[in-house]
Ligand code: G6P
């Protein structure tokens, strides 16, 4: 959470910083700020509560000159969202300004010590404590900025990505990282710094990913220098990234979320490109091919993830057990990392993450690797921390996802899990040739079927108007549709702020059924598959208690569709691919209800796209 941008070069810093912040707004948007350093050492800091656009308005008539600057868009951890707590924070002497992403866990002790030494604090943030500490060490030891930074960082406990400017050195930009991402771009004499590669890719394709415990020292006219906290030089490979990677507009859609829902047919095609071959009826993933023996000899798979990615993991479990007969567990990364889990060197841990930066998922990976497990990453963001921390992996290739509520990443993750399961099942001989070929043929036509589902958008938009009254929703599904129920409920909660619960449909009898009355909308995911008869009984139970049933059914359904109050149809597919279709009406339902309620769909309150703190 929180996005950082920095610039040092021959051009004006401000436009680079503001454009960069706009691309990083998915990481947080409760306040934003910028610090600009003039060549004469003049330091201007502007901060504003709200979004980057509010900061832009605020700075409209301000002095925005300077070739050096840092900027930040915030997701509050310590201290409420307000201009005072917004970054950059400036040290009491006015010498240093800093932006920070992460949490300094021992900030209270450091703050108390500094207060005793006469330092005054303007905010309640942990970040201000760190910049004051750097200032204190620099003046106490008359230390060079890099040395002061190293000493300060040795004292702090926690996670950080920071960018620092020192008005005594208006031609230098400093950065450091531990557990939070930072990328440095280089073009001629210009340096670009950002929390992810997207703001940089517009200017250069040459980047370096800073590693944990490293400090970057950028001096105008010199080469990038990277040292660790003990001042030893660190060597880095300069990587090449695709240019204009981050150029994502709304393409005429009202919101990124809707655009991303509509992109799913193309995204899933991209995800399968070069992997699924419908003519030869094969599926091949290079990571599976390269690590075949390790994967096939695994006693067990453990999937770790958070949020929507965890829901994709639940579908992955069913796929691996159903198709490959591999015992699979699914854990929330945040629980897994602290519950002293049994991890054996014969286990394969699969980490799923859209952003590739989720702090808990990264920590779970580290734990798994330290216990000797082989770790396979499934990520969207190319070059992010998780793909670099895993032994191997597959990208989902669905392009940048900007809407905070994840949509196309979910279907991309499920598609990759299905491809891995099919590839392994074939290798393990747990699937016969006929079923394997039929499944590949079906997977290849899923994008066309997704397009069919999107045609019901108008109907769902009208339907949504009826349900804006609701304060609660229940989502029910069984088998492969149970994780879809969880995901549908999560989408509604995230963007419309309506309380929603996802439940395995048969479990409803053990509690949630008490909530059902004529006011309660119940969304039932009931495609025509082996469990259809069972879920039909659950629909009857709800109707008997006057619940309002919204059913997702297979086209041509003439049983549940007659009992339900409203139906949304999806094309027929194989049971294990149903989630790829049935999720879409639920995404649209959540979207339209949130729009009807006037909510900020792309930037829901209190959420962030990338959760880089615990
Ligand atoms: C945040 C996002 C969710 C996402 C979750 C996990 O909560 O708002 O959309 O599912 O993090 O993120 P990851 O990037 O690891 O998939």
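The values are calculated or read from the model by the stated rules, or taken from the named source; none is laboratory data. All of these numbers come straight from a predicted model, not from anything done at the bench. Cβ coordinates were reconstructed from backbone atoms using ideal geometry, including for glycine residues, and neighbour counts include every protein chain displayed.
The conditions are (1) in a strand (DSSP E or B); (2) away from the ligand (no atom under 16 Å from the Cβ); (3) within 22 Å of residue 318 (Cβ to Cβ), and residue 473 fails exactly one of them. Which is it?
Result: residue 473 passes all but (3).
Can you tell me which of 121, 96 is assigned by TED's automatic domain parsing to the domain that holds residue 170 and in contact with a strand residue (DSSP E or B) (Cβ under 8 Å, 6 or more places away or on another chain)? Steps first, please.
Values: 121 fails: in contact with a strand residue (DSSP E or B) (Cβ under 8 Å, 6 or more places away or on another chain).
None of the others qualify; the one that does is 96.
If we only count strands (runs of 3 or more DSSP E) wholly inside the stretch 1-72, which ones have 1 or more residues that are without any contact (Cβ under 8 Å) to a residue 60 or more places away in the chain and in contact with a helix residue (DSSP H, G or I) (Cβ under 6 Å, 6 or more places away or on another chain)?
Working: elements: 3-8, 31-37, 43-49.
Filter on the stretch 1-72 gives 31-37, 43-49.
Restricting attention to the stretch 370-398, which residues are under 21 Å from residue 613 (Cα atoms) and outside any helix (DSSP H, G or I)?
Correct list: 377, 378, 379, 380, 381, 382, 383, 384, 390.
Among what's in the stretch 361-379 and is crowded, with 23+ Cβ neighbours inside 10 Å and within 13 Å of the ligand (Cβ to nearest atom), pick the residue that is farthest from residue 396 (Cα to Cα).
So the residue we want is 364.
Filter the stretch 416-449 for residues that are buried (at least 23 other Cβ atoms within 10 Å of the Cβ) and out of contact with any strand residue (DSSP E or B) (no Cβ under 9 Å at 6 or more places or on another chain); which is farthest from residue 348 (Cα to Cα)?
Here the residue is 446.
Which residue, of 351, 331, is within 16 Å of the ligand (Cβ to nearest atom), closer than 30 Å to residue 494 by Cα, in a strand (DSSP E or B) and out of contact with any helix residue (DSSP H, G or I) (no Cβ under 7 Å at 6 or more places or on another chain)? Break it down stepwise before answering.
On the way: 351 fails: out of contact with any helix residue (DSSP H, G or I) (no Cβ under 7 Å at 6 or more places or on another chain).
Of the residues listed, the single one that is within 16 Å of the ligand (Cβ to nearest atom), closer than 30 Å to residue 494 by Cα, in a strand (DSSP E or B) and out of contact with any helix residue (DSSP H, G or I) (no Cβ under 7 Å at 6 or more places or on another chain) is 331.
Of the residues 105, 56, 25, 80, only one is assigned by TED's automatic domain parsing to the domain that holds residue 162 and modelled with pLDDT of 95 or more; which?
Numbers: 105 fails: modelled with pLDDT of 95 or more; 25 fails: modelled with pLDDT of 95 or more; 80 fails: modelled with pLDDT of 95 or more.
After applying the criteria, what remains is 56.
Scan the stretch 73-127 for residues that are surrounded by fewer than 24 Cβ atoms within 10 Å (Cβ to Cβ) and assigned to a helix (DSSP H, G or I) and report the count.
Counting residues in the stretch 73-127 that are surrounded by fewer than 24 Cβ atoms within 10 Å (Cβ to Cβ) and assigned to a helix (DSSP H, G or I) gives 10.
Kindly check whether there is at least one residue in the stretch 191-199 that is over 18 Å from residue 21 (Cα atoms), buried (at least 18 other Cβ atoms within 10 Å of the Cβ) and touching a residue at least 60 places away in the same chain (Cβ under 8 Å).
To start, the set of residues in the stretch 191-199 that are over 18 Å from residue 21 (Cα atoms) comprises none.
No; the residues of the stretch 191-199 include none that is over 18 Å from residue 21 (Cα atoms), buried (at least 18 other Cβ atoms within 10 Å of the Cβ) and touching a residue at least 60 places away in the same chain (Cβ under 8 Å).
Condition test on residue 458, is it part of a loop (DSSP other than H, G, I, E, B) and either under 27 Å from the mean Cα position of the chain (by Cα) or surrounded by fewer than 21 Cβ atoms within 10 Å (Cβ to Cβ) (or both)?
Working: part of a loop (DSSP other than H, G, I, E, B): no; either under 27 Å from the mean Cα position of the chain (by Cα) or surrounded by fewer than 21 Cβ atoms within 10 Å (Cβ to Cβ) (or both): yes.
No, not satisfied.
Pick from 254, 313: which is part of a loop (DSSP other than H, G, I, E, B), over 30 Å from residue 171 (Cα atoms) and not assigned by TED's automatic domain parsing to the domain that holds residue 461? It would help to see each step written out before you state the result.
Details: 313 fails: part of a loop (DSSP other than H, G, I, E, B).
From the options 254, 313, the qualifying one is 254.
Which one is nearest to the ligand (Cβ to nearest atom) among residues in the stretch 570-606 that are within 20 Å of the chain's Cα centre (by Cα) and surrounded by fewer than 18 Cβ atoms within 10 Å (Cβ to Cβ)?
Top of the filtered list is 606.
Quick one: residue 508 ticks every box in (1) away from the ligand (no atom under 16 Å from the Cβ); (2) surrounded by 24 or more Cβ atoms within 10 Å (Cβ to Cβ); (3) part of a helix (DSSP H, G or I) bar one, so which box is it?
It fails just one condition, (2).
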